[in-house]
Amino acid sequence: KILDLSNNSLSSLTPGAFQKLRYLQVLNLTRNMIHYIENKTFSFLPHLKELDLSSNSIIRLPETFGNGTGNITLLSVKHNKLQKMERVLLESLPNLKVVLFKDNPWQCNCNIFGLKLWLESFLYRGGISDGIFCSAPGIRKGKDLLKIPYELFGACTLRTGHFHLHHHSSEQRSSLKHTHHSEHGENSHSNCEPKPKPRPVSLRHAIATVVITGVVCGIVCLMMLAAAVYGCAYAAITAKYHREHLALVRQHGTPEEKEPFDSSLA
């Protein structure tokens, strides 16, 4: 049930080396010289609950530890040389309760975004972890991965498990192409760096449009008000003039009415 292989000089593990230990529950591989863990290394260990890979020189972990490892509740990879970790590996361990990441040179770029999302979900479900602290790039050295805002990963694309992050602008699609190609290069970390999200130019245009529209509407309203005042004043003056003229006509009569009377006097 317990196998302790710690403090040896193991540098590699053959895939399936432990598959006949069907009742194994605890496997301790700490303080060795292991560099890689291959797929299916721990295949067919249905009762394995604790896997301790601490204090090795591991630089890469596989996408799966092997068939039948879904009952692992504790995983420790601290004190290694891991720069990233596949989210799909952690998702293949649904019964994890404790996972330890401390003292690895984590690269907090696009390649680790999936791990950030998984860790947030894991902690939300009540899991226990010692956290992930960045070693690179320099501006994030020593920072807790969970405290890095999502916006700084805006130009990243992630294809881990069933999660996909897409951006539709031409500038971001160009960034995604660089990120995709960089995953296959040896010195590609700089290409994976998340780029700050640019401030949309359309916002400034929108503000300018609103201001100009407000000014134009104000001028039109003033012109309409002036036209209304002028119209009212003109109507009042015209009405007053007609009233006075009508009063004079009623009082003295029209020139046509007076002319026969004046001629008769002559």
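Comparison of L75, L96 shows that the only residue that is closer than 22 Å to K1 by Cα, at pLDDT 95 or above and not in a loop (DSSP other than H, G, I, E, B) is L75. Here I58 clears all of (1) buried (at least 16 other Cβ atoms within 10 Å of the Cβ); (2) of a type outside the set (S, T, N, Q); (3) farther than 24 Å from I132 by Cα except the condition numbered (3). Total residues in the range 11-35 satisfying the condition of being closer than 17 Å to P105 by Cβ and surrounded by fewer than 15 Cβ atoms within 10 Å (Cβ to Cβ): the figure is 1.
The values are calculated or read from the model by the stated rules, or taken from the named source; none is laboratory data. As the structure is a prediction and not an experimental result, all values here were calculated from the model. Because the Cβ atoms are built from the backbone with ideal geometry, glycine has one as well, and the counts that use them run over all protein chains shown.
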